[in-house]
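The next block holds one structure in the form of structure tokens; read it before the comments.
The values are calculated or read from the model by the stated rules, or taken from the named source; none is laboratory data. Computed from a predicted model, the values in this text were never measured in an experiment. A quick note on method: Cβ atoms are made from the backbone with ideal geometry, for glycine too, and the neighbour counts reach across all protein chains shown. Calculation scope for accessible area: heavy atoms of the full protein, side chains included, ligands and nucleic acids excluded. Shrake-Rupley method; radii C 1.70, N 1.55, O 1.52, S 1.80 Å.
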Amino acid sequence: EIGSFSHFMEKEIFEQPVALENAMRGRFSADGSTAQFGGLNLTPIEVRQIDRFAFCGCGTAWHACLVAEHLIERFARVPVEVDYASEFRYRNSPLDGNTLFFVVSQSGETIDTLGALREAKRKGYKVLAINNTVGSSIAREADGGIYQHVGPEIGVASTKAFTSQLLIGAMFALYVARMRDMSFSDGVEYVKALKAAPDLVRKALEQAPRIKEIAKRYAQYADMLFLGRLSLFPIALEGALKLKEISYIHAEGYPAAEMKHGPIALISEKCPSVFFAPKSEIFNKIVSSIQEIKARNGKTIVITTEGCEFPPGVADDVIYIPDCHEAVLPIVATVPVQLLSYYIACERGCDVDKPRNLAKSVTVE
Ligand code: F6R
């Protein structure tokens, strides 16, 4: 089943273009201006009446919730709350009647997420699930939802399940946006951008040999930072989580501008940073954050979009991803950090598919 790949994780990283195609198949309207979902069990009028979304998940799925928050607020202009499922259960959060509750879980068996679902239902909320496992506990207990359709994920570290959750979040943001303020033509452009995602991920995967070379030079550090802003802050968290899980290097994700409020104390030649610095209105601010690291002798790996240039000495290593629509950027930007963690873990001789202390689905609290 693993074919020519060395690990399931590697196979699943390279499978992502096809996984994304499967996750979006049949889910665009005939006029090509919005997304459609068969299993929400809500009428369009009910969706239009919602004035807040609440999202819960654990680990990687929680990162997908954060990206969904960004895109729903940005494009649909509806407020979103995100909670760790394990915290939501016990903190008695006030939610109001027009809130729609989402749980996100690849396995559909994570006990904390199932607990959050039950707590939300107990309080009378409709709960939808973004889930990859037909017939799972979460799929059965939710009132409806969206299946990821990416096939079983075997590697313990989540890869294709994560990017498909990002895609579904982006599609759901479009669906809600088109019921509100988004125009037909902006919808058409958004749909085209989503349809391009598999090919953009293919292009990002072409960087694999280069990332493998870079990984050799970063495999022996004990600490690493991942920094990103806006929709790429959750991807910085995801990059740090992947590295921790499979290579056992201590890593932290932060919004780049938070560095100066504490974490910058960690920077030295012993602690490299991975920066997301794509083309954007705040590109120059990110470049200044990178310069702060360089002034303290920190090594920098910079993930940026094609066409961006950096002043000399700012980036020790640059990884290019294709330029893309804001809704697709988090998906494409995930690929280099997956590959970087994977190759670093291989370089360190780690058991990538079965990292120590971890299980594929966490069914105890
Ligand atoms: C990270 C990872 C975990 C899971 C988390 C939730 O690579 O796999 O953080 O994302 O345990 O799992 P699901 O999505 O099955 O609820």
From LEU230, LEU225, residue being at positive phi and away from the ligand (no atom under 16 Å from the Cβ): LEU230
Only one of VAL287, VAL274 that is in contact with a Phe, Trp or Tyr (Cβ under 7 Å, 6 or more places away or on another chain) and within 17 Å of LEU339 (Cβ to Cβ): VAL274
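Considering segment 5-42 alone, what residues qualify as being open to solvent by less than 60 Å² (accessible area, probe 1.4 Å) and small (Gly, Ala, Ser)? Break it down stepwise before answering.
We begin by selecting, within segment 5-42, every residue open to solvent by less than 60 Å² (accessible area, probe 1.4 Å); these are 7-13, 15-17, 19-20, 22-24, 27-29, 32-35, 37, 39-40, 42.
Those that are open to solvent by less than 60 Å² (accessible area, probe 1.4 Å) and small (Gly, Ala, Ser): ALA19, ALA23, SER29, GLY32, SER33, ALA35, GLY39.
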Residue in segment 111-124 that is farthest from ALA359 (Cα to Cα), counting only those that are touching a strand residue (DSSP E or B) at 6+ places or on another chain (Cβ under 8 Å) and open to solvent by 20 Å² or more (accessible area, probe 1.4 Å): LYS121
Lone unmet requirement of (1) surrounded by fewer than 24 Cβ atoms within 10 Å (Cβ to Cβ); (2) more than 14 Å from GLU12 (Cα to Cα); (3) free of Cβ contacts under 8 Å to residues at least 60 places away in the same chain for ASP181: (3)
Of the criteria (1) more than 14 Å from the ligand (Cβ to nearest atom); (2) open to solvent by 10 Å² or more (accessible area, probe 1.4 Å); (3) more than 25 Å from GLY228 (Cβ to Cβ), which one GLU81 fails: (3)
Subset of segment 134-174 (residues that are more than 20 Å from GLN36 (Cα to Cα) and among the polar types (S, T, N, Q)): SER136, SER137, SER158, THR159
Subset tally (residues that are at pLDDT 95 or above, within 28 Å of GLY349 (Cβ to Cβ) and surrounded by 21 or more Cβ atoms within 10 Å (Cβ to Cβ)) for segment 250-271: 3
Selection within segment 238-254 - away from the ligand (no atom under 11 Å from the Cβ) and closer than 12 Å to LEU358 by Cβ: TYR248
Residues satisfying the stated conditions in segment 43-64, i.e. at pLDDT 95 or above and open to solvent by less than 30 Å² (accessible area, probe 1.4 Å): ILE50, PHE53, ALA54, PHE55, CYS56, GLY57, THR60, ALA61, HIS63, ALA64
Single unsatisfied condition, PRO44 versus (1) more than 21 Å from the chain's Cα centre (by Cα); (2) within 16 Å of the ligand (Cβ to nearest atom): (2)
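Within segment 96-130, track down each residue that is within 12 Å of the ligand (Cβ to nearest atom), farther than 14 Å from CYS65 by Cβ and not in a helix (DSSP H, G or I). Write out each step before concluding.
Of all residues in segment 96-130, those within 12 Å of the ligand (Cβ to nearest atom) come to 103-117, 129-130.
Filter again for farther than 14 Å from CYS65 by Cβ, leaving 107-109, 111, 114-115.
Across segment 96-130, the qualifying residues are SER107, GLY108, GLU109.
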Helices (runs of 4 or more DSSP H) completely within segment 137-214 that count 3 or more residues being under 15 Å from the mean Cα position of the chain (by Cα) and small (Gly, Ala, Ser): 160-177
